[in-house]
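One structure is given here, and the rest of the page talks about it.
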Amino acid sequence: MNFHETSQDRAAKPALPSLVGATRKELAALLARHGVPEREIRMRVGQLWHWLYFQGATHFDPMLNVGKPLRAELAAHYSLARPEVVAEQISQDGTRKWLLRFAPVNANDKGAEIECVYIPESDRGTLCISSQVGCTLTCSFCHTGTQKLVRNLTAAEIVGQIVVARERLGDFPGLTPPEGGLLPRGDSRLITNVVFMGMGEPLFNFENVRDSVGVLADGDGLSVSKRRITVSTAGVVPQIERLGAEAGSMLAISLHAICDELRDKLVPLNKKYPLKELLAACRAYPGASNARRITFEYVMLKGVNDSPAEARELVRLLKSIPAKINLIPFNPWPGTKYECSDWEKIEAFSEIVFNAGYASPVRTPRGRDILAACGQLKSATEKMRARARMMAEG
């Protein structure tokens with residue numbers, strides 16, 4: 001993979017603002033600005049929505065049910081450009097990782113970059129997307145957390161990730177993906193699940209995450225069920241109730257410890273919102289039930305949080321919360337002080353949780369060979385670029 005870039009590459013951006021990622025409200029407002037009569041706006045929004053999010057249109061010409069004058073007006077002022085795919089990596093296990101660059105949002109923005117990951121499984125296809133460029137949380141076991149926060153992603157930039165992924169996978173009807181982008185497909189969509197588990201803390205970018213969930217879940221377009229959209233948080237307690245009430249997505253909690261003393265070290269946000277407050281917010285999460293369980297993510301760290309006593313305490317802590325517990329083998333990265341728990345320890349931990357009545361799947365590490373696994377996003381890319389620059393300057 002080539003990480004050398006020219007100033008011309010950096011400056012490249014769509015000449016016109018893109019409609020990809022726009023909400024229905026935003027489309028209605030821009031149509032009104034361009035003189036579409038009020039009585040027609042709802043119909044025109046529906047037409048554009050279908051082309052943008054169901055068909056995956058890349059330009060306005062195929063939109064034959066939209067009048068030619070309106071198509072010409074839109075084409076003169078807008079594009080249907082996607083985020084730029086800077087690099088694509090494919091793991092031995094079929095996992096795909098894309099490095100995406102967004103157009104600059106202001107004069108000081110050189111074009112933000114993030115990574116998103118597609119994980120194919122026998123019964124589903126999961127897209128892991130980012131909500132921020134960088135992260136502020138500094139969780140001690142997370143490679144992604146070693147990066148500084150650059151900015152929040154807009155709702156359009158969040159939606160743009162699934163549009164790019166569907167295009168690269170050949171997951172839009174009637175569109176041929178780029179060379180090497182097509183995967184075997186049947187009658188169903190390849191991307192069935194979306195998880196906000198990439199770069200950033202989603203609830204520190206609440207409004208944009210909420211609005212993007214609305215676009216993703218719209219049944220006339222991308223049509224990802226809200227029961228298949230999961231937003232993961234390290235525990236931004238004041239926004240948890242809002243997420244359930246306003247977005248209606250599934251909730252995942254990045255937990256990783258059963259006491260405040262350890263969690264303060266692993267997830268420093270815990271110092272502001274300790275376990276008692278976090279678990280109270282989970283118990284009150286709108287819509288939580290046995291059919292809509294909250295996922296608790298627990299990374300397995302050797303000699304740190306993986307004892308049988310901690311498994312039993314975890315079960316006690318989650319009492320009365322409709323929950324499932326995802327046990328995540330730690331994904332090592334250069335410079336980390338942690339090791340992954342031994343497999344026997346993980347199995348013993350899982351058995352205790354399972355026998356207490358909780359689903360306790362052990363997440364199979366995916367995409368480790370391309371640093372696409374949990375907690376690995378983007379940092380490796382930054383380091384490879386830095387090395388390339390040093391070699392070029394030397």
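The values are calculated or read from the model by the stated rules, or taken from the named source; none is laboratory data. Keep in mind the model is a prediction, meaning the values are calculated, not measured. Glycine also receives a Cβ, built like all others from the backbone with ideal geometry; neighbour counts cover every protein chain displayed.
Computed quantities for the displayed model
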| quantity | calculated |
| --- | --- |
| Exclusive hit being aromatic (Phe, Trp, Tyr) and over 18 Å from Gly170 (Cβ atoms), set Tyr118, Tyr78 | Tyr78 |
| Condition check for Val213: in a helix (DSSP H, G or I), in contact (Cβ under 8 Å) with a residue 24 or more places away in the chain, β-branched (Val, Ile, Thr) and closer than 12 Å to Ser131 by Cβ | yes |
| Residue in segment 224-242 that is at positive phi, modelled with pLDDT of 95 or more, touching a Gly at 6+ places or on another chain (Cβ under 9 Å) and part of a loop (DSSP other than H, G, I, E, B) present | no |
| Residue in segment 138-147 that is at pLDDT below 85 and touching a strand residue (DSSP E or B) at 6+ places or on another chain (Cβ under 8 Å) present | yes |
| Residue match in segment 235-242 (condition: in contact (Cβ under 8 Å) with a residue 60 or more places away in the chain, in the same structural domain as Ser130 (by TED's automatic domain parsing) and of a type in the set (Lys, Arg)) | no |
| Residue in segment 47-60 that is closer than 23 Å to Leu169 by Cβ, surrounded by 14 or more Cβ atoms within 10 Å (Cβ to Cβ), small (Gly, Ala, Ser) and touching a residue at least 12 places away in the same chain (Cβ under 8 Å) present | yes |
| One residue from Val117, Val159, Val133 being farther than 23 Å from Lys226 by Cβ, of a type outside the set (Gly, Ala, Ser), crowded, with 20+ Cβ neighbours inside 10 Å and within 12 Å of the chain's Cα centre (by Cα) | Val133 |
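Matching residues to (1) of a type in the set (Ser, Thr, Tyr); (2) modelled with pLDDT of 95 or more; (3) loosely packed, with under 14 Cβ neighbours inside 10 Å; (4) within 27 Å of Arg124 (Cβ to Cβ):
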| site | (1), (2), (3), (4) |
| --- | --- |
| Met1 | no, no, yes, no |
| Thr6 | yes, no, yes, no |
| Ala22 | no, yes, no, no |
| Pro62 | no, no, yes, no |
| Ser91 | yes, no, no, yes |
| Ala103 | no, no, no, no |
| Asp109 | no, no, no, no |
